Structures are given as C-alpha cells and as structure tokens.
C-alpha cells in the first residue's frame, strides 16, 4: 500500500497533543473585531480540543502528525 498524503491545509490548522488529542484554534478572531466584546475576543485566543465526532475525519487528513 502506498504512503498517504497529508492534507497541508489541515496540517496547518490542527496539532496533536502529547496525549494524542487534537487541538485547534478558534475561528472569527481575525477581522471585524470592533463589533465583538473584549471577553469574546479573549476567549477566541484560546485553543480548543476537536470534538469527539470530528476526530476520526481529522486523523484521516493528518495521518503522520
């Protein structure tokens, strides 16, 4: 069986933690920020774990990370 290609877009967006979980950064934090509250923008800076139902699909995109 041939080697699988890593999806480069996914590789830039997701990281695998040391315990094997997948984390990502939140969306909506790049522009149009004046309409968002300070609390909302602060919470958008945090990373978050990928939900359990999406893990299988993400792992398929980044098989070697």
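Couple of notes before you dig in:
- In the chain, Cα pairs under 8 Å separated by at least six residues give a relative contact order of 43 percent.
- For the chain, the mean residue ellipticity at 222 nm estimated from helices alone is -9500 deg cm²/dmol, where every DSSP H run of n ≥ 4 contributes -39500 (n - 2.57) and the total is divided by all residues, rounded to the nearest 500.
- The long axis of helix 52-61 is offset from the longest Cα principal axis of the chain by roughly 60 degrees.
- In the chain, the inverse of the mean reciprocal separation of distinct Cα atoms equals 13.5 Å; this is its Kirkwood hydrodynamic radius.
Readers should treat all values here as calculations from the given coordinates under stated rules, not as data from a laboratory. What you are looking at is a predicted structure, and each value in this text was computed from that prediction instead of being measured.
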